[in-house]
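The values are calculated or read from the model by the stated rules, or taken from the named source; none is laboratory data. These numbers were taken from a predicted model, which means no experiment stands behind them. In this analysis, Cβ positions are derived from the backbone assuming ideal geometry, glycine residues included, and neighbour counts consider all displayed protein chains.
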Amino acid sequence: MRKCIGFDTYVPGKSIEEVKELYGLERVVKLASNENPYGASPRALEVLRSFTDLHRYPNPEYRELRERLEEYTGWDAERIVVGAGIDGILETIFTMLIDEGDEVLIPTPTFQYYGILARLHCAKEIKVQRRADFQIPENILDFLSERTKLVIIPFPNNPTGNIEDPKLVKEIAESTKGIVFIDEAYIEFSDLNLDLDLENVIIARTMSKAFGLANLRIGYARLPEWLVKYYRSASTPFPVSTLAEKVAIASLEDIEWMKECVRKIRSERERIFRELRKFVNVYPSQANFVFFKSREGLADELLKKGVIIRDCRSFEVSGYRVTIGKPEENDFFLEKLRELL
Ligand code: PMP
C-alpha cells in the first residue's frame with residue numbers, strides 16, 4: 001500500500017430502500033444528498049433511452065460537450081475540462097499538483113472529500129476554522145505559506161450553504177502562488193456568481209445538482225490556459241462516457257427545465273427557512289439545502305419516522321443539513337420535525 005492510504009472513506013447518505021427495510025416503513029423521504037427531486041430533463045431521459053453505442057469508447061476530446069458548456073457558462077471551451085463529477089476533477093487536480101508535504105488549505109467545516117483527498121496524497125491538511133456564521137475568516141491569509149499548493153473554496157459551502165465575500169476570495173488568490181480551487185457545485189441556486197478569472201484560479205461546476213444528473217457523474221471546470229496540458233496529462237483518458245456526454249448535452253439544450261427546478265427549489269428553500277426559524281437555529285442558504293442546529297440525535301429520530309436528513313458530524317460541525325425536496329416531501333419533513341420538537 002502507499003504510505004498515505006487510509007480507511008477514512010466518504011460517508012454517503014442512506015438510501016430510501018435501506019431505511020424502509022430497517023424500520024419497516026411505507027413512506028420514506030430522502031433529503032440527505034442534495035439531489036434534484038424533480039430529476040433530469042425529459043429530453044435528457046429520451047436521449048438516455050435511445051443510446052445504443054455501448055461497445056464504443058468515448059471520444060476523449062469531448063468537444064461538443066465543451067462547446068455547449070461554453071454557451072452555458074460563457075467560458076472559453078479551450079479552457080474547459082470535463083470529469084467524473086467534481087469529485088473526479090478534484091482527484092485529477094490532486095494527482096497533478098500534490099507532492100508529499102504540500103499544504104492544502106481547507107476552510108472547515110466543509111465537504112469531507114477535500115480532506116480525504118489531501119490525506120490520501122500525503123498532503124499537509126491545513127484546516128482553517130470558519131467564523132460562527134461559517135464565512136471564511138480574513139485571517140486565512142496568515143495561513144498561506146511557501147508550501148501552499150491548493151486552497152479550496154466552495155461557493156456556496158456544503159453543509160452550511162453560505163457564500164463568501166468575493167473581495168476576500170480575490171485577495172486570497174492574489175496572495176498565493178498556489179492554485180485556488182473554487183467549487184461551484186451549487187452555483188445555480190445562488191444569487192451571486194463569483195466570476196474570478198486569474199492565472200491561479202480554477203472554477204469547477206457539476207451537472208449533479210441543478211441539472212439532476214448525479215448518477216451520470218458529469219463535472220467540468222475552467223482552468224487557466226497554461227494549466228490545461230498538465231491537467232490532461234494527469235487525467236484518465238475517458239473520464240466521461242459518451243452516454244453521459246450526450247445526456248449532458250440534451251440537458252444543456254433544455255435549460256428551461258433546469259431553471260424551473262431551481263426556481264421551485266429556491267422558493268421552497270425560503271419556505272423551509274421561515275418554518276424552521278420558528279423552532280430551531282437555522283442559517284440562510286444559497287444552495288439547495290439548509291443547515292440548522294438542534295438537539296443531538298435528531299437525525300436518528302427523524303430516520304425512524306421516515307425522513308432521511310444529514311447529521312453533519314462527519315463534516316466536523318454539530319448540526320443538520322436538510323436538502324430541499326418537492327413541497328410534499330418538505331411538508332412531511334416539517335410535520336415529523338414538529339412531532340419531535
Ligand atoms: N463539491 C461539493 C461542495 C459537493 O457538495 C459535492 C456533492 N456532494 C461535490 C462537490 C461532488 O459533486 P459531483 O457529483 O459533481 O462529484
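Points worth noting:
- Residue within region 27-39 that is in contact with a helix residue (DSSP H, G or I) (Cβ under 9 Å, 6 or more places away or on another chain), part of a helix (DSSP H, G or I) and more than 16 Å from the ligand (Cβ to nearest atom) present: no
- The number of residues in region 156-186 that are within 12 Å of the ligand (Cβ to nearest atom) and assigned to a strand (DSSP E or B) comes to 3.
- Filter result for N193 (without any contact (Cβ under 8 Å) to a residue 60 or more places away in the chain and away from the ligand (no atom under 15 Å from the Cβ)): yes
- Among the residues of region 130-144, those identified as out of contact with any strand residue (DSSP E or B) (no Cβ under 6 Å at 6 or more places or on another chain) and free of Cβ contacts under 8 Å to residues at least 60 places away in the same chain are R131, A132, Q135, P137, E138, N139, L141, D142, L144.
- Tally of residues being buried (at least 23 other Cβ atoms within 10 Å of the Cβ) and in a loop (DSSP other than H, G, I, E, B) across region 192-207: 1
- Whichever residue in region 1-37 is of a type in the set (F, W, Y) and surrounded by 10 or more Cβ atoms within 10 Å (Cβ to Cβ) and, among such residues, is farthest from F315 (Cα to Cα): Y23
- Among (1) among the hydroxyl-bearing types (S, T, Y); (2) assigned to a loop (DSSP other than H, G, I, E, B); (3) surrounded by fewer than 18 Cβ atoms within 10 Å (Cβ to Cβ) - the single one S285 does not satisfy: (3)
- Selection of region 225-264 for residues being buried (at least 17 other Cβ atoms within 10 Å of the Cβ), farther than 16 Å from G212 by Cα and not hydrophobic (A, V, I, L, M, F, W, C) yields Y231, S235, P239, S241, T242.
- Subset of region 78-126 [assigned to a strand (DSSP E or B) and within 16 Å of the ligand (Cβ to nearest atom)]: I80, V81, V82, G83, V104, L105, I106, P107, T108
- Residue in region 213-234 that is farthest from the ligand (Cβ to nearest atom), counting only those that are of a type outside the set (V, I, T) and in a loop (DSSP other than H, G, I, E, B): P224
- You will find that of S175, S208, the residue that is under 25 Å from L65 (Cβ atoms) and either assigned by TED's automatic domain parsing to the domain that holds A250 or hydrophobic (A, V, I, L, M, F, W, C) (or both) is S208 and no other.
- Residues of region 209-262 that are of a type in the set (G, A, S), in contact with a helix residue (DSSP H, G or I) (Cβ under 6 Å, 6 or more places away or on another chain) and closer than 24 Å to P154 by Cβ: A210, G219, A221, A234, S235, A244, A248, S251.
- Qualifying positions in region 38-69 - within 30 Å of K326 (Cα to Cα), exposed (fewer than 14 other Cβ atoms within 10 Å of the Cβ) and polar (S, T, N, Q): S50
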